[in-house]
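The block underneath contains the structure these notes are about, expressed in structure tokens.
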Amino acid sequence: MSAKSGMSSDNPAIKKLSRQESEQSSALKRLAKEMGPIRTEDLTGNIVRQLKASILRGVIKPGEKLPPERELAALLQISRGSLRQALKALQVMGVLEVIHGSGAYLANAAGSILRDPTDLLIPLKGHSFAEMYEARRAMEAESAACAALRSTEEDIQKMRSEIDAMQKVLMNTRKFVERDKAFHRHIAMATGNSVFVWFIELLQKVLAKGQLTHARNERHHLINEEHARIVNAIQARDPQLARTEMLAHLTLSKAYSNQETGIELRVFSPDR
């Protein structure tokens, strides 16, 4: 077979590539009809708001691939770096799913996520890991206190099941962190307050990379002991003790650090 015949339009690989290019071109045309140049003030926020409006109007459908960054940036008349920051924010929010080597796709849950207030969903720019961790700490302390007042025996059993699961993976940081996240979600869900659940899940996504980077294997058994004290306080229906134990558990300096900003949250008070 000649090189020329190898490039025939009957070639399945060529057909697939052509179809993907056609779909991306179609998505770009639809966006071009809906969107124009982006105002430069609060650039990331404005990009997210423009994309949000287009998604909610159905210009891009769940499961559909976004146009390439180069073409989308040209359409919006912004730099690729600025666009990339906005797309990263949408990914953290759960609106986009990025597949390595393939591109960014609109998540199935994008519509329901974007119906929440945009300004609350956009991850804060310029804030350090330590500052975000401090916000998580405040929210989770109240979450634990509310769980002490409202949790069921089933809720408590789920928390203890996660502690048992963590005990089995003490030397596997990735698995331990995943179970740790599930443990804290169970506490939030036990409060019956959907805002606690939403906010804690959002912060877990924002902080995920930092937690994996800075986690220390040798502390996992101590962390699990702290988890047990939190659950004991919740089961005892003691909101103040549950709050205190959660604050003791989420002291940043015990397990994490932020070398870039020099912030080290050593804040803790009562009797520890």
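The values are calculated or read from the model by the stated rules, or taken from the named source; none is laboratory data. Only a predicted model underlies this, so the values are computations on that prediction, with no experimental measurement involved. Backbone-built Cβ (ideal geometry, glycine too); neighbour counts: all protein chains shown. The area values use the complete protein model at the heavy-atom level, side chains included, leaving out ligands, DNA and RNA. Shrake-Rupley method; radii C 1.70, N 1.55, O 1.52, S 1.80 Å.
Using each residue's phi in region 103-114, evaluate 6.51 cos²θ - 1.76 cosθ + 1.60 at θ = phi - 60° and report the 3J(HN,Hα) Karplus result to the nearest Hz, with x for Gly and Pro.
My calculation for region 103-114 gives x, 9, 10, 6, 5, 4, 8, 3, x, 5, 5, 6 Hz in order.
Estimate the FRET efficiency between W198 and L149 by the formula 1/(1 + (r/R0)^6), using the beta-carbon distance for r and 25 Å for R0, to the nearest 0.05.
0.80
Determine the share of region 49-120's accessible area contributed by carbon and sulfur atoms, expressed in whole percent, with a 1.4 angstrom probe.
The C+S portion of the solvent-accessible surface of region 49-120 is 52 percent.
V59's amide H: which non-local residues (gap 5+, or another chain) put their own amide H closer than 5 Å, with H modeled 1.01 Å from N in plane and none for Pro or chain starts?
Those qualifying (amide H under 5 Å, at least 5 residues apart or on another chain) number zero.
Suppose the chain between Q167 and S112 were pulled fully straight at 0.36 nm per residue; how much longer would it get relative to their current alpha carbon spacing?
Difference between extended and current length: 16.2 nm.
Can you give me the accessible area per residue for region 52-109, using a 1.4 Å probe, in Å²?
50 Å²
Once phi is turned into θ = phi - 60°, what whole-Hz ³J(HN,Hα) does the Karplus curve with 6.51, -1.76 and 1.60 give for every residue of region 242-251, x standing for Gly and Pro?
So the Karplus estimates, Gly and Pro as x, are 4, 4, 4, 5, 5, 4, 5, 5, 9, 8 Hz.
Give, as ranges by residue number, the residues of region 68-97 whose backbone N falls under 19 Å from the point 7 Å along Cα→Cβ of R57.
72-78
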